[in-house]
Amino acid sequence: MFDLKKALSECQLFNKFTEIEISDMLVNTRYRINAYSRDQVIAIEGDPASSIGIVLEGNIEVQKSYPSGRNVTIKRMKQGDIFGESLVFTKQNSYPATVISVNKSKVLFLSMHDIIKICSTNKTFLFNFMGVLSNRILMLNEKLKNLSYQTIRQQIADFIMQEYKKQKSSTIIVPFTRKEMAEHFGTTRPSLSRELVNMKRDGLIDFTKDTITIKDLSALEDTLF
């Protein structure tokens, strides 16, 4: 049987709350839960975004469509992840991309008015919500920095350096598939693979399907300048 309170406890918004406290917070809100089948559209680019969505079950993707017919996956989300939090309080509150259910999923929607209501009565929830927004700003800043690099090599090098700091190892575990990694850099999979091979040839890195090993840290840093 599906347990709503347990599913919400995986979400950053409800961090540090007991299941009873989560239940009490929701009792006076008009939240709704929608179930989706595989490949079903949750929201289309341009649709109004008056609520935040919390993934309760399954996986969803945010995809950007282009006139050529190409679809690029911008973000993948799992249980506990949130979408729409940076849209509901903007004047132009519409989805900038299409949201699709990858498999069977459930999503809880909480309106802007209910978010304000909970924030005004619960400081911990307000703190959590501000944390979610702050993390989104940091992520966008990271993407802007990534876009400032002129070559794929610089983007790859920056990614490797960031993961090196996080994982504290010269051999990093890559948290993406090659396809996801290419989409992250805004390039094609063949272009990404070709540059990885070139970087290996130049003695900067070695790599397997799931790992990248730094062979020359100083030279790798030099590519960023």
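In whole percent, and with a 1.4 Å probe on the protein chains, what portion of the accessible area of the stretch 75-225 is carbon and sulfur?
Answer for the stretch 75-225: carbon and sulfur cover 58 percent of the accessible area.
With P(r) over Cα pairs in 10 Å bins from 0, in percent in mind, check [x] 8, 33, 35, 18, 5, 0; [y] 8, 35, 39, 16, 2, 0; [z] 7, 28, 29, 23, 12, 2, 0 and report the label derived from this structure.
Checked against the structure: label [z].
So how far apart, in nm, are the two label points at residue 120 and residue 169 if each is 7 Å from Cα heading toward Cβ?
5.0 nm
Arrange the peptides 158-167, 4-13 so that the one whose residues have, on average, the most other Cβ atoms within 10 Å appears first.
On the way: 158-167: 15.8, 4-13: 17.5.
Most protected by this proxy first, the peptides run 4-13, 158-167.
Would you mind getting me the FRET efficiency between residue 177 and residue 15? Use the beta-carbon distance for r and R0 = 25 Å, nearest 0.05. Mind showing how you got there, number by number?
Details: r = 29 Å, r/R0 = 1.15.
Here the calculated transfer efficiency is 0.30.
Using helices alone, what [θ] at 222 nm do you get for the chain, with -39,500 (n - 2.57) per DSSP H run of 4 or more residues, divided over all residues and rounded to the nearest 500? Mind dumping the intermediate values first?
Working: 8 runs with 92 residues, N = 225.
That calculation yields -12500 deg cm²/dmol at 222 nm.
Hey, rough spin-label estimate for residue 188 and residue 37, points 7 angstrom out along Cα→Cβ, what's it come to in nanometres?
Rounded to a tenth, the inter-label distance reads 3.5 nm.
Can you list the lysines whose alpha carbon is less than 18 Å from that of residue 200, not counting same-chain residues fewer than 8 positions off?
Straight-distance partners of residue 200: 209, 215.
So what's the angle, to the nearest 10 degrees on a 0 to 90 scale, between helix 123-148 and the longest Cα principal axis of the chain?
The two axes meet at around 30 degrees.
Give me the accessible area of residue 76, 1.4 Å probe, in Å² rounded to the nearest 10.
Accessible surface of residue 76 is approximately 90 Å².
Could you give the length gained by full extension between residue 221 and residue 104, i.e. 0.36 nm per residue of separation minus their alpha carbon distance, to one decimal place?
Working: separation 117, 0.36 × 117 = 42.12 nm, distance 4.29 nm.
Result for the pair: 37.8 nm of gain on full extension.
The values are calculated or read from the model by the stated rules, or taken from the named source; none is laboratory data. Remember, predicted model here, so these are calculated numbers, not experimental data. Quick reminder, even Gly has a Cβ in these numbers, built from the backbone with ideal geometry, and neighbours come from all protein chains shown. Heads up: the accessible areas ignore ligands, DNA and RNA and are worked out on the full protein's heavy atoms, side chains in. Shrake-Rupley method; radii C 1.70, N 1.55, O 1.52, S 1.80 Å.
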